[in-house]
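Please read the structure below before turning to the comments.
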C-alpha cells in the first residue's frame with residue numbers, strides 16, 4: 001500500500017502494523033516524525049528490541065538475514081531499522097530485500113528509510129514487493145505557499161490558533177526549513193499563554209526569548225557552558241516554564257543529535273549528515289562540540305536517563321524533574337555527576 005504522511009496516524013490506529021514500512025523523501029522533519037510514529041506504535045505492541053543498520057558501500061547484507069532469523073535474547077519481537085544512504089541499494093541489496101518480503105517473520109518489524117525515490121527506483125522489483133506486502137510512505141517538501149497553512153495546522157494540533165499573517169511571518173523567518181518552523185512553534189507554545197496567537201505575539205516571543213530561550217539553553221549545554229546553562233535553566237523555572245514543554249523541546253533536539261551520532265559512528269560523513277538534517281553554519285559549532293564530547297553509547301545512556309525524567313514528569317513528583325534536568329544538562333556539558341541514575 002501507499003500512504004501519505006498525513007494518513008499514517010490513522011493507519012496505525014485503525015490497522016494492524018504492516019510487516020515493512022519504507023519511508024523515503026528529502027524532507028528530514030516529516031521523515032523522522034513518520035518513523036517515530038511507527039516506532040512508538042510498535043513499542044506499544046511489544047516490540048521491545050531495536051536493531052539499527054546504516055547501509056553504506058561496505059555493508060554486509062547478510063546482517064539483515066541474520067537479524068531476521070536469529071532469536072532475540074531480550075524480546076520476542078524486534079524492530080529492524082535499515083537506513084539507506086541511497087534509495088538504490090544495488091543488485092545484492094535489492095535481492096536481499098525482495099527475499100525478505102517473501103520470508104516474513106511475524107515477530108520482526110522492518111523500517112527502511114532513504115532519500116527521495118525517483119521513478120526508476122520505484123519500479124524496482126524489491127520496492128514493488130514492499131509496496132505489496134507493507135507500506136510505502138513518500139515524504140514531499142512543503143512549498144513556500146503551503147508553509148503558513150502547515151504552521152497553522154501544527155498549532156491547531158496543540159489546541160492553539162494562529163492568524164494567517166502571524167503564520168506568514170514565521171514562514172518568512174524560517175525560509176522553508178520545517179525543522180526551524182517546528183522550533184518556532186515549540187517556542188510559541190512555551191511562551192504564549194493563550195489559545196489565539198497573532199503577529200504581535202510572534203514578535204514579542206522573539207523579544208522574550210532573548211532572556212531564557214529553551215533552544216539557547218540546549219545550545220549552551222552542547223557548547224559545554226555549564227554555568228550559563230544552569231543559570232538559564234533556573235531562569236526558565238523562575239519564569240514559570242512548564243517542565244513538560246521544556247522536556248518536549250529538549251527531546252526534539254536530543255533525538256536528532258542521537259541519530260546523527262549513531263550514523264557518524266557507523267562511518268557516515270558528518271558534513272553530509274549536517275546537510276541532511278538541515279544544520280546550517282551557525283548551528284554546526286554547538287553540534288560539533290557535543291559530538292566531540294560524547295559517543296553514541298554515551299548518548300544512549302543519557303537517553304535512558306531522559307526516560308527517567310519522562311516518568312517523573314508523569315508522576316506526582318513532577319517538580320523533581322527540575323533537579324533531573326540539572327543533572328542531564330551538566331552531563332551533556334561534560335561535567336561528571338554521580339546523580340545520573342536510571343530508574
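Quick note: the coordinates plus some simple rules give every number you see, no bench work behind them. Only a predicted model underlies this, so the values are computations on that prediction, with no experimental measurement involved. Don't worry about glycine lacking a Cβ; one is built from the backbone with ideal geometry, like all the others, and counts go over all protein chains shown.
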task = Kindly state, to the nearest 0.05, the FRET efficiency for residue 143 paired with residue 336, given R0 = 41 Å and r defined as their beta-carbon distance.
result = 0.30
Projected label distance in nm at residue 153 and residue 102, using a 7 Å step from Cα toward the beta-carbon = 3.9 nm
note = Relative to the chain, whose Cα atoms define the longest principal axis, helix 214-223 and its Cα axis are tilted in degrees, nearest 10, by 70 degrees
message = Need one number: nm distance between label points at residue 297 and residue 40, each 7 Å from Cα along Cα→Cβ, rounded to one decimal.
response = 3.1 nm
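How high is the FRET efficiency between residue 128 and residue 58 when r is their beta carbon distance and R₀ equals 30 Å, given to the nearest 0.05? All intermediate terms of the calculation are to be shown ahead of the outcome.
Values: r = 27 Å, r/R0 = 0.90.
Computed FRET efficiency for residue 128 and residue 58 comes out at 0.65.
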query = Highest mean first, what order results for 232-242, 6-16 on Cβ atoms within 10 Å?
reply = 232-242, 6-16
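Taking a temperature of 4 °C and a viscosity of 1.567 mPa s, what whole-number D in µm²/s does Stokes-Einstein yield for the stretch 1-80 with Rh from Kirkwood over alpha carbon pairs? Present the calculation step by step, with values, prior to reporting the outcome.
Numbers: Rh = 14.2 Å.
In µm²/s, the coefficient is 91.
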key: Ranked 100, 277, criterion: other C-beta atoms within 10 Å, fewest first   = 277, 100
query = What angle do you read, to the nearest 10 degrees and between 0 and 90, between the alpha-carbon axis of helix 226-238 and the longest principal axis of the chain?
reply = 70 degrees
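Tell me, 4, 83, 78 in order of fewest to most beta-carbon neighbours within 10 Å? Could the numbers behind the result be given before it?
Values: 4 12, 83 19, 78 22.
Ascending number of Cβ neighbours within 10 Å: 4, 83, 78.
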message = Mean-square fluctuation check for the chain, GNM, Cα pairs under 10 Å: which of 182, 152, 45 is largest?
response = 45
ask   = Between the stretch 106-166 and the stretch 266-343, what is the C-alpha centre distance in whole Å?
value = 27 Å
Residues listed by number, the stretch 232-248, amide nitrogen under 18 Å from residue 194 label point at 7 Å toward C-beta = none
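Going by how many other Cβ atoms sit within 10 Å of their own, how do 317, 258 line up, fewest first? Can you show the working numbers first?
On the way: 317 10, 258 18.
Arranged by neighbour count, lowest to highest, 317, 258 become 317, 258.
Work out the FRET efficiency for residue 91 and residue 116 from their Cβ-Cβ distance, taking R0 = 25 Å, and round it to the nearest 0.05.
Details: r = 21 Å, r/R0 = 0.84.
So, using R0 = 25 Å, E works out to roughly 0.75.
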task = Tell me the label-point distance for the pair residue 16, residue 66, using the 7 Å Cα-to-Cβ offset, in nm and rounded to one decimal.
result = 3.0 nm
